[in-house]
Amino acid sequence: MDYEVVIGCEVHVELKTKTKIFCSCPTDFGGEPNTHVCPVCLGLPGTLPVLNKKVLEYAIKAGLALNCEIAQFSKFDRKNYFYPDLTKAYQISQFDLPICKNGYIDIETDKGKKRIGITRIHMEEDAGKLVHQGNTITTSAGSLVDYNRAGVPLIEIVSEPDMRSAEEVVEFLNSLKAIIEYTGVSDARMEQGSLRCDVNLSLRPVGQIEFGTRAEIKNLNSFRSVERVIQYEIDRQVDILESGGKVIQETRTWDESKGRTYSLRSKEDSDEYRYFPEPDLPPVIVMEDYIEKLRAELPEMPKEKRRRMIEKDGLPEYDAGIITASKALVDFYDAVHTHYGDAKKISNWIMGELLAKVNAEGIELNALKIQPEQMAALLKLVDSGEISGKIAKKVFAEMFETGNNPGDIIKKQGLMQISDETALKTMIEQVVETNPKSVEDYKAGKTKALGFLVGQIMKQSRGQANPAVINRLLVEKLNSM
């Protein structure tokens, strides 16, 4: 039987506030376990939550960037369940009246543009972190709890079940991550857990309208894991259905090392959480002028920035797409462009040398040692003929490692391009004299011989000879012989 895969996502985004959602404890990543805590986020008796206004601001900005309707009246609710990382045995979240709803993201697929619906965005507090004493949660002999993360502000972004493949899901998540980064409400660092994805996946026979029974796979923190999870779950559920079994509604966990999912617990429905309005927090009432004020503060979004780079800067669509996929990358590009006018040369170096180094070293773009003005200075040195493109790549590698200025590196290592014709003529004389066979080949019309001779001169000059000057002088020499 042919099946259609149906996928929706729930994405938890940690907001980039200085303090937690209902108390003044810091939200800094890391720190010794259980040091960023207080009676409020530990849920001790007699404490009362107070909403951090910055959380509301960031939630609304995210909603506006994702084309959502912003609720002028919303409220908080208690989501009741017991788990060791939840000190109060309930989570303060939003249920029936979320702050944002009915949004969308347009993604590109192999069949063209596709709109993925955003059902809702709601504010909530994060739980603590369980540190399992074993290789995986399913084989752990015990767990420790770190409550530093308890009370860190989250928004949960819930998509419609509009995606039909792993490729669509990854494109959706890439677009969502970029939009969130652009708004500045979160750094969206998946490796630090500030963006985590739950995948809801079900199968149904092709042509059937009703959805199948879904499985939810929790807390995926890389796009690679998302792709692998989806493929594994499709295969698992097909095997169950083809053997005459039934897929059960459950929550599953992903084991990255084994490449498979494991059952954690049966999936709860909303009524099992016994939601009721949070009695210690008043409703959230937002005025229209406040919403419009926040809308006006939104920066240029990826789609608009990409269009601007194509139309104004003259970049190819491919280049603009690569650069605008990351807020940090586009900020670097813009900063270089303020000092250097050739957008295409900038994009070539960013997509070539810079991203190659970043990927090889596995570092964050925000942690680059090389500064935009240094990159611009390097490109100007190539344009002026002071260094060759080959030498520039060597200089760039040193700049990337040390953050030193290109001029200082060139001076220290003696890498200045040789354009002096007297010095170059001496090298040409030596190479012509020691390679008579190549000279004869050139005279016989074998043009490859010229390239060989140029290569020998570049080798002799340790790559510092000006290629354009060499070619001109060498051709003049050979034609005069």
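Values quoted throughout were computed directly from the atomic coordinates according to the rules given, and no laboratory measurement underlies them. Model, not experiment: these values are computed from the prediction. For neighbour counting, all protein chains shown are included, and Cβ atoms are generated from backbone atoms with ideal geometry for every residue, glycine included.
Just to confirm my understanding: which cysteines in the chain have no other cysteine beta carbon less than 4.7 Å from their beta carbon?
Singleton cysteines: Cys9, Cys23, Cys25, Cys38, Cys41, Cys197.
For segment 1-84, which trypsin sites (Lys or Arg not before Pro) pass both filters: DSSP loop (anything but H, G, I, E, B) and at most 15 other C-beta atoms within 10 Å?
Passing sites in segment 1-84 are Lys18.
With Cβ to Cβ distances under 12 Å as the rule, what net charge do the other residues near Gly207 carry (K, R +1; D, E -1)?
Within the 12 Å Cβ shell, the charges total -2.
Report, to the nearest 10°, how far helix 223-242 tilts away from the longest principal axis of the Cα atoms in the chain, using its own Cα long axis and a range of 0 to 90°.
The helix 223-242 is inclined about 50 degrees to the chain.
Test of understanding: ordering Asp342, Asp126, Asp319 by Cβ neighbours within 10 Å, fewest first, what list do you get?
Going from sparsest to densest Cβ surroundings: Asp342, Asp319, Asp126.
Within the P(r) computed for segment 421-479, what percentage of the Cα pairs occupies the region above 14 Å?
In whole percent, the long-distance tail amounts to 47.
Taking the Cα centre of each part, how many Å lie between segment 336-360 and segment 225-252?
Taking the Cα centre of each part, segment 336-360 and segment 225-252 sit 43 Å apart.
Tell me, what is a quarter of the convex hull surface for the C-alpha atoms of segment 300-413, in nm² with one decimal?
Value for segment 300-413: 6.8 nm².
Under 1.5 on a/c is rounded, so check that first for segment 104-247, then, if it is not, pick prolate when a/b is larger than b/c and oblate when it is not; a ≥ b ≥ c are the square roots of the alpha carbon gyration tensor eigenvalues.
Judged from the Cα gyration tensor, segment 104-247 comes out oblate (a/c at least 1.5, b/c at or above a/b).
Going by how many other beta carbons lie within 10 Å of each one, how would you line up Thr27, Thr19, fewest first?
Thr19, Thr27
Assign unit charges at the C-beta atoms only (+1 for Lys and Arg, -1 for Asp and Glu), then state the dipole size of the chain relative to its Cα centre in Debye, rounded to the nearest 20.
Value, rounded to 20: 1200 debye.
Which whole-number percent gives the relative contact order of segment 343-413, counting Cα pairs below 8 Å spaced six or more residues apart?
Computed value for segment 343-413: 32 percent relative contact order.
Quick one: angle between helix 421-434 and the longest Cα principal axis of the chain, in degrees between 0 and 90, rounded to 10, please.
The two axes meet at around 80 degrees.
Can you tell me the length gained on complete extension of the stretch Ser266 to Lys393, counting 0.36 nm per residue apart and subtracting the Cα distance?
Difference between extended and current length: 40.1 nm.
Give the total of Lys-Lys pairs in segment 421-479 with Cα-Cα distances below 13 Å; include a pair only if its members are 8 or more places apart or on different chains.
Lysine pairs meeting both conditions in segment 421-479 amount to 4.
Computed over the Cα atoms of the chain, what is the convex hull's projected area averaged over all directions, in nm²?
The number I arrive at for the chain is 31.4 nm².
Taking neighbour Cβ counts within 10 Å as the exposure measure, how do Val50, Val439, Val5 sort from fewest upward?
Fewest to most other Cβ atoms nearby, the residues stand as Val50, Val439, Val5.
Using alpha carbon centroids, what distance separates segment 142-162 and segment 186-224, in Å?
14
How many angstrom lie between the C-alpha centres of segment 1-74 and segment 284-315?
Each part reduced to its Cα centre gives a spacing of 22 Å.
Name the lysines eligible as straight-distance cross-link partners of Lys305: C-alpha to C-alpha under 24 Å, and not fewer than 8 places from it in the same chain.
The qualifying lysines are Lys16, Lys61, Lys111, Lys113, Lys114, Lys177, Lys293, Lys327, Lys344, Lys345.
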